[in-house]
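Sharing a structure with you now.
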Amino acid sequence: METDKMTYLIDATHAPAARSWIHSANVDGCEFPIQNLPFCVFTADAVSTAIGVGIGDRVLNLRAAAEAGLLNVDPAVSRAAVASNLNLLMSLDEGRSNSLRHALFKLLLADSPGRDIVASAVPPMLRPIDEVVFHLPCRIGGYTDFLTSRHHTERHGRFKGLKDPLPPAFMSLPIAYNGRVSSMRVSGTDVVRPHGQFKDAAGRVVYGPAVAMDFELEMGAFVRKGNELTRPVPVEDASGHLFGLSLFNDWSAKDIQWWEQVLGPFLGKSFMTSLSPWIVTMEALAPFRVSAASRAADDPELLPHLRAASDQQAGAFDIEMEAWISSNGMRDSGQAETRLTLTNLRNLYWTFAQMLSHHTSNGCNLEAGDFLGSGTASGAEPGSEGCLTEITSAGTRPVRISASGEERRWLEDGDEIIFRACARRPGFVPIGFGECRGRLLPAQSDRA
Ligand code: MN
């Protein structure tokens, strides 16, 4: 694969035959084989918070591994590895974080000389994933959510009765709004049904618990190196400013959003956003790059600040994304979760490199740890809609969610939404993204 800067190469860490001495990493269907090595931030046994690396059903304590001298990396990478969040690692260039990937790969590879030290460490250097507490992976300074699925945008435009469902700028630039950082929470945190102002079924403007509660299935990119104020990042350099991808749920109260939205979404989104604890790095994703979405002959010309041969050739990612639901009733009667959506990140009209470059094109500075959301990643086909608004035609056509016949127009109290994702390509080991999960609790006034 050729890119302008030859940034993300397929190398020995992607070899399909590579196996780890941690056996759970070698099981078919494991989300975290040795070819993945996603990062997180976690606490175990209420001891100190550290960066973790997912391997099989375990998380490796990166600080402990670095302090034990098990990682052959330069001092700048060592300092980043012992930090308690990922900001420092994100501030380094891609060559440095790739050196960490290679050191981790060696340590976890079958027959690694460090194996016995890791396995016998006290306190344990490896913990079962389901026994640790996760945190947001870094200090997020800015959160921008884009709107890059044409299918999602057109369906919403039609529900709102717009004459032209696609905003005129949609195909000329990646549209976005500035989101809220303070209410971002790690997967597993309950979300409380918000109060807000909206038009009720009778068309009256009221204030109360939102009715049109929705999830939005999205992928977000963490920014690696920042850029200085006034210095745009050219699109051909932008992939070098992306650290990795995480699943996230842009919970939305569509009734609040549609009434308030003049300058953009505000209280309809800012009550909470759920992030997966896991960041799958750009290095791990190298085999899953695909060409950018093709543009129709009558689409507006791609202007030079959004056009680079490398990005057009390999700026998109082939990643399956799923949304699942489980209700109080389903859990009480022992029914399994139901899949609501199967879509693919390829459905985006814009690449993350274009989003990042466009974001900085007026000189706006991004910082390591900033978060860029893809927007709801809906596809064209039925079954690939990335939110309930699309699935139920804005609440007018209920969707059946369980074998016992439960239906939804909008999310109800107790509903849990689970996102999963997987990157696949023939000849490579598939890699997963972990879960992004959250349960909707009743509005505050409705609780005892
Ligand atoms: Mn969104």
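How many residues, within the stretch 333-368, are within 22 Å of LEU217 (Cβ to Cβ) and of a type in the set (S, T, N, Q)?
8
Which members of the stretch 209-260 meet the condition of being of a type in the set (S, T, N, Q) and open to solvent by less than 10 Å² (accessible area, probe 1.4 Å)?
SER246, ASN249, SER252
Sticking with this one: Of all residues in the stretch 52-89, count the ones that are assigned to a helix (DSSP H, G or I), closer than 25 Å to VAL223 by Cβ and hydrophobic (A, V, I, L, M, F, W, C).
Residues in the stretch 52-89 being assigned to a helix (DSSP H, G or I), closer than 25 Å to VAL223 by Cβ and hydrophobic (A, V, I, L, M, F, W, C): 8 in total.
Residue-wise test of (1) touching an Asp or Glu at 6+ places or on another chain (Cβ under 7 Å); (2) closer than 30 Å to ASP311 by Cα; (3) open to solvent by 30 Å² or more (accessible area, probe 1.4 Å); (4) within 16 Å of the ligand (Cβ to nearest atom).
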residue	(1), (2), (3), (4)
HIS358	no, yes, yes, no
GLU367	no, yes, yes, no
LEU372	no, yes, no, yes
SER378	yes, yes, no, yes
GLU390	no, yes, no, yes
SER393	no, no, no, no
SER404	no, no, yes, no
ARG408	no, no, no, no
ASP413	no, no, yes, no
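Can I ask one more? Which members of the stretch 363-389 meet the condition of being part of a loop (DSSP other than H, G, I, E, B), over 13 Å from the mean Cα position of the chain (by Cα) and among the hydrophobic types (A, V, I, L, M, F, W, C)?
CYS364, LEU366, ALA368, ALA380
In the stretch 132-160, what residues are of a type in the set (Lys, Arg), over 19 Å from GLN354 (Cα atoms), within 16 Å of the ligand (Cβ to nearest atom) and outside any loop (DSSP other than H, G, I, E, B)?
Across the stretch 132-160, the qualifying residue is only ARG155.
Something else: Exactly one condition in (1) farther than 19 Å from PHE39 by Cα; (2) touching a strand residue (DSSP E or B) at 6+ places or on another chain (Cβ under 7 Å); (3) hydrophobic (A, V, I, L, M, F, W, C) is not met by VAL118; state its number.
Going through (1) farther than 19 Å from PHE39 by Cα; (2) touching a strand residue (DSSP E or B) at 6+ places or on another chain (Cβ under 7 Å); (3) hydrophobic (A, V, I, L, M, F, W, C) one by one, VAL118 breaks only (1).
Out of all the residues in the stretch 279-327, which are touching a Cys at 6+ places or on another chain (Cβ under 9 Å) and not small (Gly, Ala, Ser)?
Answer for the stretch 279-327, where residues must be touching a Cys at 6+ places or on another chain (Cβ under 9 Å) and not small (Gly, Ala, Ser): ILE279, ILE319, GLU320, MET321, GLU322.
Just one of (1) in contact with a helix residue (DSSP H, G or I) (Cβ under 6 Å, 6 or more places away or on another chain); (2) more than 16 Å from the ligand (Cβ to nearest atom) trips up GLY244, so point out which.
All conditions are met except number (1).
Which of the residues that make up the stretch 197-221 are more than 16 Å from the ligand (Cβ to nearest atom), part of a loop (DSSP other than H, G, I, E, B) and in contact with a helix residue (DSSP H, G or I) (Cβ under 9 Å, 6 or more places away or on another chain)?
Once the filter is applied, which keeps residues that are more than 16 Å from the ligand (Cβ to nearest atom), part of a loop (DSSP other than H, G, I, E, B) and in contact with a helix residue (DSSP H, G or I) (Cβ under 9 Å, 6 or more places away or on another chain), the stretch 197-221 yields ASP200, VAL211.
Each row is one residue, and each column tells you yes or no for (1) surrounded by fewer than 21 Cβ atoms within 10 Å (Cβ to Cβ); (2) closer than 30 Å to ALA68 by Cα.
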| site | (1), (2) |
| --- | --- |
| LEU108 | no, yes |
| ASP111 | yes, yes |
| ASP116 | yes, yes |
| THR148 | no, no |
| PRO165 | yes, no |
| MET171 | yes, no |
| ARG185 | yes, no |
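Testing ILE418 on (1) away from the ligand (no atom under 16 Å from the Cβ); (2) part of a loop (DSSP other than H, G, I, E, B); (3) under 18 Å from MET330 (Cα atoms), one condition comes back false. Which one is that?
Looking at each condition in turn, ILE418 falls short on (2).
Ok, one more. Going by the structure shown, is PRO232 closer than 30 Å to GLY363 by Cα and either over 16 Å from the mean Cα position of the chain (by Cα) or touching a residue at least 24 places away in the same chain (Cβ under 8 Å) (or both)?
The answer is yes for PRO232.
What residue, of ARG58, ARG96, is at pLDDT 95 or above, open to solvent by 40 Å² or more (accessible area, probe 1.4 Å) and not hydroxyl-bearing (Ser, Thr, Tyr)?
On inspection, the qualifying residue turns out to be ARG58.
The values are calculated or read from the model by the stated rules, or taken from the named source; none is laboratory data. The shown structure was predicted, so the numbers you read here are calculated from the model rather than taken from an experiment. Cβ: placed from backbone, ideal geometry, glycine included. Neighbour counts: every protein chain shown. Note: accessible area is taken over every heavy atom of the protein model, side chains too, but ligands, DNA and RNA are not part of it. Shrake-Rupley method; radii C 1.70, N 1.55, O 1.52, S 1.80 Å.
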